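The values are calculated or read from the model by the stated rules, or taken from the named source; none is laboratory data. Since this is a predicted model, take the numbers as computed values, not measurements. Note that we place each Cβ from the backbone using ideal geometry, even for glycine, and neighbour counts take in every protein chain shown. Accessible surface is based on the protein model in full, side chains and every heavy atom, while ligands, DNA and RNA are left aside. Shrake-Rupley method; radii C 1.70, N 1.55, O 1.52, S 1.80 Å.
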Amino acid sequence: MRNIRSRSLAGMILKFRPYLFRFIIVLFLAILVFGRFPCGSSPLYSEDRMYCQASGSVPYLSQSEVYNPQSPANAPIVVTGLASKITYNSATIHGTVNAQGLSTTVWLQYRIVEGTSRSSFLTQSVIGTSDTEISTRIIELLPGSTYYYRFAAKNDAGTGYGKEMSFTTVDNNSSIATETTPPIGSVSINDGDICTNSLTVTLNLSATDNTGVTGYYLSAGAVPPSRYSDGWTSVPATTDYRENVSYTLDNGDNRNTMRVWYKDASGNISDTASDSIAVDMTPPVIIIQHPTADQAYTTASETISIAGNASDNMHEISSIVWTNSRGVSDTERRTLDWIIPQVDLARGDNVITVKATDSMGNTGIATITITFTTSSNAPVVKTGFATSLTTELATLSGTVHAMGLATTAWFQYGTSSGHYSSMSPVQDMNEIDRDIPVGNRISGLQAGTIYYYRLVAQNSAGVTSGTEMTFTTFPLKGKIYGKVVRLAKGEPVTSAKLRLKGTKTRKKAFQVAFSDAQGSFTFHDLEADTYDITITKTDLKAAIQTIELKEGEEKKTEITLKSTEEVKQEDKGTKDDQQKAN
């Protein structure tokens, strides 16, 4: 039986031997194409995941079907969209990303079958909790090729991937690939201005093309770029391209020429388009020649004429404007050799500013200080009262009218009338056309002393002193302190009430104090006077003590109180002594 089965199996092998040989050859070719297994692990996106990419009769497996791990809760949610504006070598890819509230970086991954994976050069940043539309344009693709792509996004919670999509670039034999007509373009600077005073300008770009303008190339040089040159700026493909672009020129105070070339989807490059603009950033030169070329001039006249000239290196002078710091005069002229007649001067310093402006708005400035002075321009000074007096401090006050001239002021003071041994710091007057309050707090004074003082001011017309005034500093204060004790035992008396009253000064002092646990008391800030101190305490006989206090003196005293029994015994002893004497 076994031999029969062996002969049957051998017969079947011989019968199907041609087909078996063909099956082995197909299996070998599949391993060469797809790796070690029919659905091999060739990396579609090598930087992220390894998954199967099949072709032919083998079913295509998307990433989610092969490897789709559970993303963390806050990982970005990515949706890959369709491709648009597809040419033979470029395409624009769209999609959406929900960043889940975290700062998220988005990029595009793409490849052809059996080709290495590539990532978009420029990443995009997304943040928020709603879907955000994203897009990116990829270039340098192969014509007539199918590309597989997906968006990827990463934040601190993890990485998310969109579904894989595909598109096919235009074949070289298509109408776009074989189209050879270049774009027609133009450029103007600042809408055609011939001159500017700024290096930053606006380039007005414009181009048209049948298959679509896809980029432009800017240069100050005349050498045309190739389609592969660095420096091309890509734009969304359009048959009618218009855009204003900010640009910074290189040459100040010179003529600048900008050139631009346009490229279409077929790689055709336009002829050179150019425009020029002159840059003028140099202000006019303006000179005051009359009444002097110096920066200062003094006159006794109330009016004066000012004259000079102005020039510019590239453009005409469009206006001459002058102002007086002391008045409201404002005259505009259009001349190179200019004159300003009959300028009214205010008393004191007049700063005349003359501005020359060229047609580009550049401004040159010249100034002269003209001082109108007469014998009556000396400052007017009034000495004020002294306030905030203490034993060593005082605040002096007054007013000064500078009479239109730069003026300084200070106080003189001393202990003898007409003789001033000290002075306060010098102050500058900020206003010269009105009375200005002046004040200064002086220190280091002697207590209880009469001081004589006055305010002094000086300008170029002379020195003026105010009326002499006086003040007296407060005298030094004295102090009375000591203890309250019981007569018999010498023990301290606690909580005794002490009432102090002055007897001689016009303003008599009055203070109340209580002795502490040690019987101590103190009266502070006392002026020179004779004081009565009345001391009372329950169960003790009241007492009065008189103390004469000089200025600034401190006196210590001890006050004794007697009990009621002690007083009775003293009274009885006194009566007995009187009876014996009688």
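General remarks:
- Some residue of region 412-432 being touching a residue at least 60 places away in the same chain (Cβ under 8 Å) and of a type outside the set (Gly, Ala, Ser): yes
- Subset of region 297-345 that is more than 38 Å from the chain's Cα centre (by Cα), without any contact (Cβ under 8 Å) to a residue 60 or more places away in the chain and not in a strand (DSSP E or B) - its residue that is farthest from residue 372 (Cα to Cα): 316
- Screening residue 161 against (1) more than 28 Å from residue 211 (Cα to Cα); (2) modelled with pLDDT of 90 or more; (3) surrounded by fewer than 19 Cβ atoms within 10 Å (Cβ to Cβ) leaves a single unmet condition, (3).
- Applying the criterion of at least 2 residues that are surrounded by fewer than 17 Cβ atoms within 10 Å (Cβ to Cβ) to the strands (runs of 3 or more DSSP E) found wholly in region 425-498 leaves 435-442, 462-465, 469-472, 478-486.
- Candidate set: region 219-272, residues that are charged (D, E, K, R) and at pLDDT 90 or above; chosen: the one nearest to the chain's Cα centre (by Cα): 243
- If you go through region 499-528 and keep only what is open to solvent by less than 90 Å² (accessible area, probe 1.4 Å), touching an Asp or Glu at 6+ places or on another chain (Cβ under 8 Å) and assigned to a strand (DSSP E or B), you end up with 500, 502.
- Qualifying residue in region 260-271 (condition: open to solvent by 20 Å² or more (accessible area, probe 1.4 Å) and not in a strand (DSSP E or B)): yes
- Residues that are surrounded by fewer than 19 Cβ atoms within 10 Å (Cβ to Cβ) and touching a strand residue (DSSP E or B) at 6+ places or on another chain (Cβ under 6 Å) were ranked within region 138-153; the one that is farthest from residue 106 (Cα to Cα) is 145.
- Of note, residue 379 satisfies the criterion of being open to solvent by less than 60 Å² (accessible area, probe 1.4 Å) and more than 17 Å from residue 286 (Cα to Cα).
- All positions within region 187-241 that are in contact (Cβ under 8 Å) with a residue 12 or more places away in the chain, open to solvent by 50 Å² or more (accessible area, probe 1.4 Å) and under 25 Å from residue 139 (Cα atoms): 208, 210, 224, 226, 227, 231, 233, 234, 236, 239, 240
- Yes/no for residue 277 being in a strand (DSSP E or B), touching a Gly at 6+ places or on another chain (Cβ under 7 Å) and closer than 30 Å to residue 334 by Cα: no
- The set of residues in region 354-369 that are aliphatic (A, V, I, L, M) and in a strand (DSSP E or B) comprises 354, 356, 365, 366, 368.
- Those residues of region 314-353 which are touching a Gly at 6+ places or on another chain (Cβ under 7 Å), open to solvent by less than 20 Å² (accessible area, probe 1.4 Å) and modelled with pLDDT of 85 or more, in sequence order: 338
- Scanning region 445-461 turns up no residue that is out of contact with any Ser or Thr (no Cβ under 6 Å at 6 or more places or on another chain) and β-branched (Val, Ile, Thr).
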